[in-house]
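Report on the following structure.
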Amino acid sequence: MDLGETAGGMAKVTRLSLDSSGGLEKRRLHLREISDDADAPLETVGQDLRKARQRKGEDLAQIAGVLKIRKDYLDALEESRFDAIPGRAYTIGFIRTYAQYLGLDPRECVDRVKIEIAGRSEIKDGVVQVSSPRERKLPPGGIIFALLLAVAVIYGAYYLFVAVNRMTTQPVTPVPPRLAAQADVVPPNPPPAPQATATDIAPPVPETGPPQTAAPAPVESAPLPEGRKYGAQNNSRVTLLAHKPMRVTVLGPNRRLFLDRQLQPGDSYLVPDTAGLTLSTTDGGALELILDGNPVGYAGQNGLVADGLSLNPQDVAGRKARG
């Protein structure tokens, strides 16, 4: 007859047997000696856990989702493979949680599993570094994507830096005057025509007489070519004569457009005899004003824009008097 007892966590049992004289012989045996006895096999904690789970009709995957314990750990507990679990403390904690979930006595299951662990020399009580369930590691695909993104950002910054340097150092080629005239675009700095190269020379100042202020227009030293005449059908007193390539715009009341054209040297426009006309040009010093066939001066200074100049005959005559 065998009587088992657990006192102070010791895995010992007491075996009573009859000796040769008919008396009782008492001998303490270790749990491992009894586990080898085929006549009285002992149920392990894992077997009790499995039977309780099967009685509830639940599978390991379902319980693992509820308890937040890996399915392979629960399977190892049921098969008493405690070496598959990272450490004695985790084993005891999993046993307590699993037993309580299945309706078993957690304290009894823990005491029994301590006895089973103590009888196994291959199981060592150690602490294994286990990542916390809350930790989230970046998957390999995420690492590759982050590296590619960093490379793209660096390349984009370098490309932008090079592009800005090229824009600031590379000079901009101006549009040729011929193409600008065809496209009806005023070039930023139109070069002077060959016939008007001498128009930039100021008239000589007489030695006697008062000092002369800035001349309203240059003196032509070369004859102008015969250009195109615009507005020949107009009843006109004022004529505009271009000495350089320029843009000329003539507006009437309510901003009615009478002329908006690129004139070449020698081109002229006969202004209709209508009140309220105004003149705008890109080079006032190269556009000559003629009133009733007599030159009266220029629309402004060389290379300067003239804007909103009145073309009423009396205003044009007044410019001659001021000049």
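Read-outs: derived from the displayed coordinates by stated rules, not from any lab. Source: prediction; values computed, not measured. A quick note on method: Cβ atoms are made from the backbone with ideal geometry, for glycine too, and the neighbour counts reach across all protein chains shown.
Table for the structure above
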item: Top positive-direction residue, dipole computed over region 45-118 with Cβ charges, set Tyr101, Ala118, Ile85; result: Tyr101
item: FRET efficiency estimate (nearest 0.05) - Cβ-Cβ, Leu148 to Tyr90, R0 45 angstrom; result: 0.70
item: Dimensionless Rg over Rh [region 45-118; C-alpha; Kirkwood]; result: 0.91
item: Listed peptides 95-101, 156-162 by packing density, highest first (mean Cβ within 10 Å); result: 95-101, 156-162
item: For peptides 293-303, 145-155, sequence by mean Cβ density within 10 Å, most packed first; result: 293-303, 145-155
item: Within region 224-322: Cβ-based charge dipole about Cα centre, in debye rounded to nearest 20 (Lys, Arg +1; Asp, Glu -1); result: 100
